[in-house]
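These notes concern the structure reproduced below.
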């Protein structure tokens, strides 16, 4: 597998009548990964080249950890953890490569368990906005998706994805581009299912984000939205003056009734609340693969129901909705 091999994706889009969008994606991607664009990119590319070449490798995403199996020698096994740590911090996962477990900050398998039984992905074309390192995309492919395109502007996550994709085989239609929802043109209507998980509260205009998601879907297509919410029975929201759980870029955290109104105003119908759950240290925590601060550092040490700033502790909702025809 070649690094940054996006041509099969662009060819697929062109055949389906989205050639102009494919050309736009090609140009924006080339600009995002241009030499000198990020100070660590060359280091990450060098680490990618140091990963072991394994012709018989196989990737399986049917269990909690997305697993790459195959035979490597003792020297390769000794070097592999150091090579993978070049992509630190690993936030979404877990992964396992040739017997080396990457215990990521988020046990993303728990969120996937809450979602997967409620959404049919078989033979669907899927867009995953804010996809991170592509963990969920591998689970989507295992669930039968025909194609998964992930968008995430952080180059580290792109390189983590490329480290796993190296062993997936050229026929696997899972791609990540270093772009955001701003790359979705108006009235695109290209995907059967679109996911947005952990993105909405980072947007200065949540309605613009929802409308971008609407634009991505075919008429009748399904949106799966996961976001922070505040627990209230009325239409209200929290807008932090500065930080929320030590995050600077949190703008609006709606109550569930407010979120449902936003979805309705953005053109979605048949809304279903799949899950509402507090975030716990079982799901998000510091590990040797993510050594920075994590959930325990974001909460009041004397009251785990409040953030360090005094706001309600993180609660996340998962909602599915249909794009109106």
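From the residues in segment 135-154 that are in contact with a helix residue (DSSP H, G or I) (Cβ under 6 Å, 6 or more places away or on another chain) and under 28 Å from residue 39 (Cβ atoms), which one is surrounded by the fewest Cβ atoms within 10 Å (Cβ to Cβ)?
Here the answer is 150.
Of all residues in segment 26-73, count the ones that are in contact (Cβ under 8 Å) with a residue 60 or more places away in the chain and in a strand (DSSP E or B).
Going through segment 26-73 one residue at a time, the tally reaches 5.
I want to confirm something. Restricting to segment 155-170 and keeping residues that are touching a helix residue (DSSP H, G or I) at 6+ places or on another chain (Cβ under 9 Å) and in a loop (DSSP other than H, G, I, E, B), which single residue is farthest from residue 124 (Cα to Cα)?
Taking the candidates together, the pick is 166.
Out of all the residues in segment 86-134, which are over 13 Å from the mean Cα position of the chain (by Cα), assigned to a helix (DSSP H, G or I) and surrounded by 18 or more Cβ atoms within 10 Å (Cβ to Cβ)?
115
Looking only at strands (runs of 3 or more DSSP E) that fall completely inside segment 181-290, which ones have 2 or more residues that are in contact (Cβ under 8 Å) with a residue 60 or more places away in the chain and crowded, with 22+ Cβ neighbours inside 10 Å? Talk me through it step by step, then tell me what you get.
On the way: elements: 191-197, 217-229, 268-278.
The qualifying strands (runs of 3 or more DSSP E) are 191-197, 217-229.
Go through (1) more than 14 Å from residue 224 (Cβ to Cβ); (2) out of contact with any helix residue (DSSP H, G or I) (no Cβ under 7 Å at 6 or more places or on another chain); (3) not in a loop (DSSP other than H, G, I, E, B) one by one and return the number of the condition residue 83 breaks.
(2)
The numbers here are math on the coordinates, done by the rules we state, and not lab data. The shown structure was predicted, so the numbers you read here are calculated from the model rather than taken from an experiment. All Cβ positions, even for glycine, are placed from backbone atoms using ideal geometry, and neighbour counts span all protein chains on display.
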